[in-house]
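Read through the structure below, which is laid out as structure tokens, and then see the notes.
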Amino acid sequence: MLKKVIKKEILDNILSPKFVFTFLLCTILILLSVFTGINNYRSEKKEYESAIALNKKNLDSQPSWGALAGLGTKITKQPQVLSTIAIGIQDAVGRNATVNVAYDPKLTDSKYDSNPVFAIFGELDLTLIVKIVLSLIAILFTFDAIVGEKERGTLKLTLSNRVPRDQLILGKAIGSFLSLAIPLVIPFLIGLIILNLYPDIHLAGGDWARIGLIFVFYLLYLMVFFTLGLFVSSRTNRSSSSLFILLFAWVIFIFVVPKLSVMISKYISPVPSVHEVNAQKDAFLQQIQGSAPQRFQKWREENPSEDSDEYREKIKKFLEELQQDLTAQIDAKNKEIEDAFQAKRRTQESLALNISRISPASAVTFSALSLARTGIHEHERFLNSIKTYKPIFTKWVNEKMIRSINFQSSEQPKPVLDDMPQHEFNPMNLGESFSLALPDLIILALMTILLFVGAFVSFLRYDIR
């Protein structure tokens, strides 16, 4: 009996005009998002290669070690191939950071800087389509699944044929969800085939595993809205009431909860602005730089000038130690200010994320970005790798700069970069990404189970008159 109910439900849905419309709409939107993601990734890859080449050219063209220390080196984040599916925050926060002897590195060159229209309309990716379009379609598939049949009289007729209620609700749920999954699965597979055909896009084994996990999260997310539709449909007596309640819940989950979570977290756990933090760093930098001439003058008073190589070596050694000391003080103070700021920011961020997880839309977004390595945690990981690299670079360039001082000539030797330390960044592995997405998996699974149990129990008690 269960198989017959499932088969009937699938056939009824597939042969309906709403299924044809849904399939065409999803195919167009999903393939459009794939092509958009491919073009964005290829463009970002070219920008990355150009930035690397330009940085090398700038470093090689510096006339002296002092000029190199002031210019610094530019670190550019390599684009993630799975940004073709989930763009994430990388375009908003920027992908470049300058590391020099003075300033604390920060990411710049956001895509919104060059083209503010993206900040208005945002980017189109597969996660956005699933989150907004397919969740709405799931509601339209299920808002009248129970109450609609009651209004048409078909529910009473079906149950009069001694079809058990538990098998009927289970068959309708399975059949309807399989019908709903088709408009996602087929275009998604076509999109992956297209993605794999591009010669400059390489998907490793780990990337395919990530894509598979992201797809599982998409299905779980749709299950939440699907079971929500069944639950509301089995608790109402009119289709119009069911649709109104579901649309209201959809707006709350998709738009209100994520925005409200940010507002609440700002109120409960305020964080100083970035401008305040930068002002504190700049004030200390000016203070330290102002103390350097005084310390050098004091040293000269304690060490009378001599015209000898030994004295010139003493000056070089003092200047090297002075420079390293000043840089260490600047880095330590910047770290102290930054750590205090980041601690408050992480508290606020964690509060906002946890509140927003009430919405399944937030849960699927966080999980997709974690698995695609385009979310907040990957951004922080990259930024921390740059901050770890800064003292290594500054120590190296300071030593070179001081050792290049020639008291007998004004000419400065051109920098040789053969032994320049290189920045290293290790993106999150699959296990780390999945551990970040695991809470969202649990939340989506629990929501699905609770809503289905609610729909199941409600249908068993449903008045079909």
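Data table
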| read-out | value |
| --- | --- |
| Filter pass, residue 51 being among the aliphatic types (A, V, I, L, M), at pLDDT 85 or above and assigned to a strand (DSSP E or B) | no |
| So residue 313, is it exposed (fewer than 13 other Cβ atoms within 10 Å of the Cβ) and farther than 30 Å from residue 463 by Cβ | yes |
| Identity of the residue in segment 342-365, not basic (Lys, Arg) and not in a helix (DSSP H, G or I), that ends up modelled with the lowest pLDDT | 358 |
| Enumeration of residues in segment 371-381 that are assigned to a helix (DSSP H, G or I) and buried (at least 22 other Cβ atoms within 10 Å of the Cβ) | 371, 372, 378 |
| Some residue of segment 362-379 being aliphatic (A, V, I, L, M), more than 26 Å from residue 78 (Cβ to Cβ) and in contact with a Ser or Thr (Cβ under 8 Å, 6 or more places away or on another chain) | no |
| Inter-residue pairs, beta-carbon under 7 Å, first aromatic (Phe, Trp, Tyr) and in segment 277-298, second outside any helix (DSSP H, G or I), 6+ apart | none |
| Residue 368 being crowded, with 20+ Cβ neighbours inside 10 Å, under 25 Å from the mean Cα position of the chain (by Cα) and in a helix (DSSP H, G or I) | yes |
| Qualifying residue in segment 69-81 (condition: part of a helix (DSSP H, G or I) and modelled with pLDDT of 90 or more) | yes |
| Members of segment 220-246 found to be of a type in the set (A, V, I, L, M, F, W, C) and either surrounded by fewer than 20 Cβ atoms within 10 Å (Cβ to Cβ) or part of a loop (DSSP other than H, G, I, E, B) (or both), listed by number | 244, 245 |
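The values are calculated or read from the model by the stated rules, or taken from the named source; none is laboratory data. Owing to the predicted nature of the structure, the values given are computational and were not obtained by experimental measurement. So basically every Cβ, Gly included, is an ideal-geometry build from the backbone, and we count neighbours across all protein chains shown.
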